[in-house]
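Accompanying notes for the structure given below.
The values are calculated or read from the model by the stated rules, or taken from the named source; none is laboratory data. Treat the numbers as computed from the prediction; the structure is a model and nothing was measured. Neighbour counts are summed over all protein chains in view; Cβ atoms, including those assigned to glycine, are modelled from backbone coordinates with ideal geometry.
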Amino acid sequence: MSELADLYQEIILDHNKRPRNYREMPECTCSAEGNNPLCGDEVKVSVRLDNDTLSDVAFQGQGCAISRASASMMTGKTKGRTASEARALSGQVRDMLLGPEAAPPPEVGDLAALSGVRKFPARIKCAMLPWHTLEAALAGQATATSESGD
Ligand code: ZN
């Protein structure tokens, strides 16, 4: 596979075209907005926390295929988890994209499709933006940028 084909795997194209949990959540208990000025990605992540469990996760915004697919997959993977499990998953995604090259851990599931961005440093920020934004929301912060936490 070429590097670009690696980057735009079928699953990423599918999530970009039909993002899951792309909606407003008026009943959310916390939310944050993130932006990645390098690419122009903007994302708003909304979470409904019930006793420390993310009972609902949704996102909105505009951005490139990588940021949208990452956000879409994130909502599906974090829904039903506790806040600390969601943070741990975020750390695993970060390690997969920024840590030493290694096989993606099984916990990340479909998110392994994002590992193609490793070869495109500018796009790592696109893939991480929704996760930074989710972490900001869980921490009670209103905003996140692609620079935080790297
Ligand atoms: Zn982007």
Open item on the list: Suppose we keep only residues that are more than 15 Å from the ligand (Cβ to nearest atom) and free of Cβ contacts under 8 Å to residues at least 24 places away in the same chain within the stretch 33-79. Which one would you say is nearest to Gly140 (Cα to Cα)?
Closed with: Arg48
Open item on the list: What pairs come out if I take residues in the stretch 135-146 that are modelled with pLDDT of 95 or more and pair them with residues that are assigned to a helix (DSSP H, G or I) and hydrophobic (A, V, I, L, M, F, W, C) whose C-beta lies under 8 Å away, six or more apart or interchain?
Closed with: Leu138/Ala83; Leu138/Ala86
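This table checks each residue for (1) surrounded by 15 or more Cβ atoms within 10 Å (Cβ to Cβ); (2) assigned to a helix (DSSP H, G or I).
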position: Ala69; (1), (2): yes, yes
position: Thr75; (1), (2): yes, yes
position: Ala122; (1), (2): no, yes
position: Ala137; (1), (2): yes, yes
position: Gly140; (1), (2): no, no
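Yes or no, residue by residue, for (1) in contact (Cβ under 8 Å) with a residue 40 or more places away in the chain; (2) away from the ligand (no atom under 16 Å from the Cβ); (3) out of contact with any His (no Cβ under 9 Å at 6 or more places or on another chain):
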| site | (1), (2), (3) |
| --- | --- |
| Ser90 | yes, yes, no |
| Pro106 | no, yes, yes |
| Leu114 | yes, no, yes |
| Pro121 | no, no, yes |
| Pro130 | yes, no, yes |
